[in-house]
Amino acid sequence: MKAFIIGAAGFVGGHLMDEMQRLGWTVGASKMPQETIAKSGVCVYDLDILNPDAISAVLSEFAPDYIVHLAAQSSVALSWKNPGLTIDVNVKGAVNVLEAVRALEKKPRILLIGSGEQYGHIHQDECPVGEETPMRPGNIYAATKACQDMLGKIYADAYGMDV
């Protein structure tokens, strides 16, 4: 199996790369140019998810069976200060990834990573939170993660993608 982790330089990416390697998978990972990934045996690519052509090139070259999309602008505080950046990275970036995958000959399974923030205030009778729990995002970051989730569903339904 081949897995590609988009935005792998953070805390979660490191653990995910370790686990995938432990399972014997071939692992590819992307990062921003200023970040580092020091994992032996991982194919590391610099990637700007706002560049659709770059995403297509990397995914075509690596040809993954699975993609885990971790890349995000994840600061709630920054989302209030710079909503455009948050929308660009979290929504447009996700669409760029989905479009690149849609154009591939080999169709990998895609996992879009959400956030508890997208559910907003959870009522007592809604615990535990499940996929049917209504989303009530209360900040810009949360709204972009809810949007990414909805876009993934639309791509799955409209194009038969495994999202």
| field | Placed amide H near VAL68: partners under 5 Å, 5+ positions off or other chain | value | PHE4, ILE5, ILE6, LEU111
| task | Over the chain, average the accessible area per residue using a 1.4 Å probe and give it in Å², no decimals. | result | 54
| Within the stretch 1-86: Cβ-based charge dipole about Cα centre, in debye rounded to nearest 20 (Lys, Arg +1; Asp, Glu -1) | 200
| query | Hey, got the dipole for the chain? About the Cα centre, +1 on K and R Cβ, -1 on D and E Cβ, debye to the nearest 20? | reply | 200
| request: Hey, can you grab everything whose amide H is under 5 Å from the amide H of GLY120? Only 5+ residues off in sequence or another chain; H modelled, so Pro and N-termini drop out. | output: ARG136, GLY138
| field | Neighbour-limited loop hits for GluC sites (Glu not before Pro), the stretch 81-153 (at most 11 other Cβ within 10 Å; DSSP other than H, G, I, E, B) | value | GLU105, GLU131, GLU132
| Against the longest principal axis of the chain, how steep is helix 140-159, in degrees 0 to 90 to the nearest 10, with axes from Cα atoms? | 60
| task | May I ask for the net charge around ASP48, where only other residues with Cβ less than 14 Å from the Cβ of ASP48 are counted and Lys, Arg are +1 while Asp, Glu are -1? | result | -2
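Given the pairs LYS106/LYS153; LYS31/LYS145; LYS39/LYS81; LYS81/LYS145, which are separated by over 24 angstrom at their Cα positions?
LYS39/LYS81
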| Which value in deg cm²/dmol, rounded to the nearest 500, describes the helix-derived mean residue ellipticity at 222 nm for the chain, given -39,500 (n - 2.57) per DSSP H run of n ≥ 4 and division by the residue count? | -12000 deg cm²/dmol
| Dividing the Cα radius of gyration by the Kirkwood radius, what Rg/Rh value follows for the chain? | 0.97
| message | Computing the accessible area with a 1.4 Å probe over protein heavy atoms, can you report the carbon and sulfur percentage for the chain? | response | 56
| task | May I ask for the angle, rounded to the nearest 10°, between helix 52-62 and the longest principal axis of the chain, with both axes built from Cα atoms and the value confined to 0 to 90°? | result | 50
| Taking Cα atoms, how many degrees apart are the long axis of helix 11-22 and the longest axis of the chain, rounded to 10 and kept between 0 and 90? | 50
| remark: The ratio Rg/Rh over the Cα atoms of the stretch 60-135, Rh being the Kirkwood inverse mean 1/r radius, stands at 1.06
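The values are calculated or read from the model by the stated rules, or taken from the named source; none is laboratory data. Note that the structure is predicted; figures quoted are calculated from it, not measured. Backbone-built Cβ (ideal geometry, glycine too); neighbour counts: all protein chains shown. Ligands, DNA and RNA are stripped out before the accessible areas are found, and what is left, the full protein with its side chains, is counted by its heavy atoms. Shrake-Rupley method; radii C 1.70, N 1.55, O 1.52, S 1.80 Å.
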